[in-house]
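Novice: Dropping a structure here in structure tokens format, bear with me for questions.
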Amino acid sequence: MKIKITSVMVDDQDKALKFYTEKLGFVKKTEVPMGEYKWLTVVSPEAPDEVELLLEPMGFAPAKVFQKALFDAGIPLTAFNVDDIQKEFARLEKLGVAFSMKPTTMGPATIAVFNDTCGNNIQIVQV
Amino acid sequence: MTYYQQQFLKIKEDHFSKDYLYTRIIRAKLLIDNFYYKSIDLDTLAEAANFSKFHFMRIYKKAYGKTPHQYLIHVRIEKAKLFLQSSAPVSTICFWVGFDSSSSFTGLFKKTTGFTPSAFQNRQKKQKSVAANMPIRWFLWYFATKGLNIKNRNFEEVTI
């Protein structure tokens, strides 16, 4: 058994694709129309054959309640690893990405949290 | 300040109050990340971090959950996995990632991944050739189990 896909819930798949590719720098891997929604995944260009991130539509209403509660508490839905968090923070901030937590070090890890504009807080980590 | 930030700062205060120690440990860890292909011993690492060997080992393990040697092996195996995506000979890759002997490389690689390096390399080749069909299976399964209300079903178009 292995983990091949993980997901973030997004309020709008087109907006999400724009943010996750144009701002974060991921690349689109799969896009299959499925009626109202689509099967839409992105990958890191550094690891295109590894785990895919599904930009998951919120067709299930209670998901919105869960997403909002996490967002209001500032809790990240998921986290991505970066090699140099200061560099990444500066790059994203320049692109207009809003951070609720600037790079903060805890023991061997440094983290920062930003708003993905699709309803989520996302954490970046340098270990 | 959000709830998350408050919790984060509390954990930091409770468990990682000695930031200055970790800064030194990170120096040694980066040495492994950047120079994994060279021969790196404990003396070099402890010296880079400015700790005695014993103290260094203890703090390192507390920070990363692995001894420096275990982490070095981990980095080398991970790099080897990337190189094994190519068709470069296993003996060359073994040397690229910093192992002196191919038998210790093969042994450690098998222990970590469950495959010998050459078996892993063959498997990667095969997987790449079938990968094109895989997304179809995932989303069929995924949407079916999530029970999303999909209008205008077009499963016919994507049936394998």
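Novice: Could you list, ordered by first residue, the pairs with Cβ atoms under 6 Å in which the first is in segment A:62-91 and over 12 Å from A:ASP116 (Cα atoms) and the second is among the hydrophobic types (A, V, I, L, M, F, W, C) and part of a loop (DSSP other than H, G, I, E, B), at least 6 apart or interchain?
Specialist: Pairs found: A:LYS64/A:MET58; A:GLU88/A:VAL82.
One line per residue, one yes/no per condition, for (1) within 13 Å of the chain's Cα centre (by Cα); (2) within 10 Å of chain B (Cβ to nearest Cβ); (3) modelled with pLDDT under 95:
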{"position": "A:ILE3", "(1), (2), (3)": "no, no, yes"}
{"position": "A:LYS15", "(1), (2), (3)": "yes, no, no"}
{"position": "A:PHE19", "(1), (2), (3)": "yes, no, no"}
{"position": "A:PHE26", "(1), (2), (3)": "yes, no, no"}
{"position": "A:THR30", "(1), (2), (3)": "no, yes, yes"}
{"position": "A:GLY35", "(1), (2), (3)": "no, yes, yes"}
{"position": "A:LYS38", "(1), (2), (3)": "no, yes, yes"}
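Novice: Let me ask another. Would you list the helices (runs of 4 or more DSSP H) that sit entirely within segment B:1-55 and hold 2 or more residues that are open to solvent by less than 40 Å² (accessible area, probe 1.4 Å) and more than 9 Å from chain A (Cβ to nearest Cβ)?
Specialist: The qualifying helices (runs of 4 or more DSSP H) are B:19-35, B:42-49.
Novice: Let me ask something additional. Hey, does segment B:86-95 have a residue that's touching a helix residue (DSSP H, G or I) at 6+ places or on another chain (Cβ under 6 Å), surrounded by fewer than 15 Cβ atoms within 10 Å (Cβ to Cβ) and either part of a helix (DSSP H, G or I) or without any contact (Cβ under 8 Å) to a residue 60 or more places away in the chain (or both)?
Specialist: Yes: one or more hits.
Novice: Residues that are assigned to a helix (DSSP H, G or I), within 12 Å of chain A (Cβ to nearest Cβ), open to solvent by less than 60 Å² (accessible area, probe 1.4 Å) and at pLDDT 55 or above: does segment B:143-151 have at least one?
Specialist: So far as segment B:143-151 goes, yes, one or more of its residues are assigned to a helix (DSSP H, G or I), within 12 Å of chain A (Cβ to nearest Cβ), open to solvent by less than 60 Å² (accessible area, probe 1.4 Å) and at pLDDT 55 or above.
Novice: Answer with yes or no whether A:LYS87 is more than 14 Å from chain B (Cβ to nearest Cβ) and more than 16 Å from the chain's Cα centre (by Cα).
Specialist: So A:LYS87 fits the description; yes.
The values are calculated or read from the model by the stated rules, or taken from the named source; none is laboratory data. Not measured: the values here are computed from a predicted model. Here Cβ is always computed from backbone atoms with ideal geometry, including for glycine, and neighbour counts include all displayed protein chains. Keep in mind that these areas ignore ligands, DNA and RNA; they rest on the heavy atoms of the full protein, side chains included. Shrake-Rupley method; radii C 1.70, N 1.55, O 1.52, S 1.80 Å.
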